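Working notes for the structure below.
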Amino acid sequence: MITHLLTRIDLMMNSFSKGQKRIALYIEEHYDKAAFMTAAKLGETVGVSESTVVRFATELGYDGYPKLQKAMQEMIRSKLTSVQRIEVTSGRIGDGNVLDSVLMQDIEKIRRTIEETSHADFNRAVDEICKAKRIYIFGVRSTAAIASFLAYYFQLIFDNVTVINTTSSTTMYEHIFRISGDDLIIGISFPRYSTMAVEAMDFARSRGAHAVAITDSMASPLVASADSILIARSDMASIVDSLVAPLSLINALIVATVLKKKDEVSETFRALEQVWNREGVYTNHEDGVKRRRGCGGHDGSRNSRRLRRVGDIDREESPCGPQADDNRQGQVQRPQQLRRDDLYTECARQRQVPLFCGQPLHACGRLRVF
C-alpha cells in the first residue's frame with residue numbers, strides 16, 4: 001500500500017474533480033500550512049466546501065479528514081525550517097492566549113503518548129536496562145537536556161552509564177566504540193531528527209547492543225535500528241521543541257527501573273543520604289528560617305553586621321545628646337581608633353557633621369568602628 005501522501009496525490013491527480021485538484025495542489029505547495037488547518041479552514045482557503053475536503057480525504061484512502069491531517073503533519077515533521085515553524089506557530093495561536101494554547105497542546109501530546117506508546121516495548125526496555133553491562137544515552141541539541149536528566153538518575157542507580165551529547169561525529173564514535181552485545185543504548189531524537197543519533201543507533205545495533213529509541217512516531221529514522229520503540233509525541237510545529245511528553249515518558253522509565261531494582265536502589269540511596277547530610281548538600285526549612293531571622297537582627301552575626309555597617313563607621317550605635325555627655329564622662333568606653341585617623345578623628349574632635357555615603361555623622365563625634 002502506498003503510504004506517502006504526496007505519492008498518493010500524484011498517482012490520483014487525474015481522477016480528482018476540479019475542487020479536489022485545488023485541494024491537492026494547495027497541499028503540495030503549502031503542506032506546512034495545510035497540516036494545521038481544519039477541514040473548514042482548508043476549504044475556505046482553496047475555495048471549496050468543507051464536505052469537498054472531507055470527500056477528498058476519503059478519496060485518498062484515509063478514514064476521514066483527521067487521518068489526512070495527521071498524514072500531512074507526519075510528512076512535514078522533519079522538513080519544517082525554523083522560519084517556517086515561527087510562521088506556523090503565529091498562524092495557529094494568532095492573537096489568542098499563548099499560555100493556555102501551549103499548555104493545552106502539551107496536554108494533548110501526553111494523552112496521545114499514553115495511547116500510542118507500546119507497553120510491551122516499555123517493559124522490555126526496562127528489563128534490558130536493568131541487566132545491561134553498560135548503558136549509553138545519546139541526545140544532542142534540544143534533546144541533550146532530557147538525555148542529561150535521564151543520565152543523572154541512572155548514574156545514581158547504576159555505575160555503568162555514559163551520556164553522549166557531543167555534536168562531533170568523531171567524539172561520538174570514541175564514546176561508543178567499545179559497545180557490545182551485553183550493552184544497551186538509548187537514542188533520543190525528535191524532529192528535526194539528528195543524523196548522528198541515527199548513526200549511533202545503527203552502530204550500536206551492528207555490535208549487538210540492545211537499542212531503545214525514544215522518538216515521536218513510527219516514521220522516525222531511529223525506528224529502523226531499534227529493538228524497543230518508545231513513542232512520545234512532540235508534534236507541535238512550534239518555535240521551540242515541545243519535550244513535555246518525552247520527559248514524562250523518561251520519568252516513567254526511571255520510576256519503573258527503580259521499582260524493578262527496589263532493594264538495591266534503596267541501599268544506594270540510604271548511603272547517599274548519609275553523604276548528603278554529612279556534607280550539607282541540601283538545606284531545609286528550619287535552616288532557612290534561622291537565616292532569615294539572623295539577617296535583620298543585632299545578634300553579632302556577619303549578616304547583621306554587614307547591614308549596619310556604612311563604610312568603616314557604625315552610625316547606628318553612636319549616641320547623641322545627653323547620652324553622649326555621659327559617654328564623655330567615662331560611663332561608656334571610648335570608641336576604637338578610626339582606620340582613617342587624619343579624616344575622622346579630626347572631625348570628631350571638632351564636632352563637625354561631615355557627610356558619609358550621603359548621611360551625616362552624629363554631631364557628638366562619637367564614632368565606632370568594626
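The values are calculated or read from the model by the stated rules, or taken from the named source; none is laboratory data. Since this is a predicted model, take the numbers as computed values, not measurements. All Cβ positions, glycine included, derive from the backbone under ideal geometry; neighbour counts span all protein chains shown. Side chains are part of the model used for accessible areas, which takes the heavy atoms of the whole protein and leaves out ligands, DNA and RNA. Shrake-Rupley method; radii C 1.70, N 1.55, O 1.52, S 1.80 Å.
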For the range 128-256, report the accessible area per residue in Å² (1.4 Å probe, heavy atoms, rounded to an integer).
39
Amide H proximity to Arg233 below 5 Å, modelled H, separation 5+ or other chain, gives Thr113
Quick one: which residues, 5+ away or cross-chain, put their amide H under 5 Å from the amide H of Ile186? H built at 1.01 Å from N.
Tyr136, Ile137, Phe138, Val212
Mind ranking Phe269, Phe16, Phe122 by accessible surface for me, highest first, 1.4 Å probe?
Phe269, Phe122, Phe16
Name all residues of the range 26-59 having a backbone nitrogen under 20 Å from the label point set 7 Å from the Cα of Ser15 along its Cα→Cβ direction, giving them as ranges.
26-28, 52-59
1/(1 + (r/R0)^6) with r = Cβ-Cβ of Glu50 and Thr171, R0 = 45 Å, i.e. FRET efficiency to nearest 0.05, evaluates to 0.30
Over what distance in Å are the Cα centres of the range 160-186 and the range 23-75 separated?
42
Given a Förster distance of 25 Å, report the FRET efficiency between His119 and Lys70 from their Cβ-Cβ distance, rounded to the nearest 0.05.
0.70
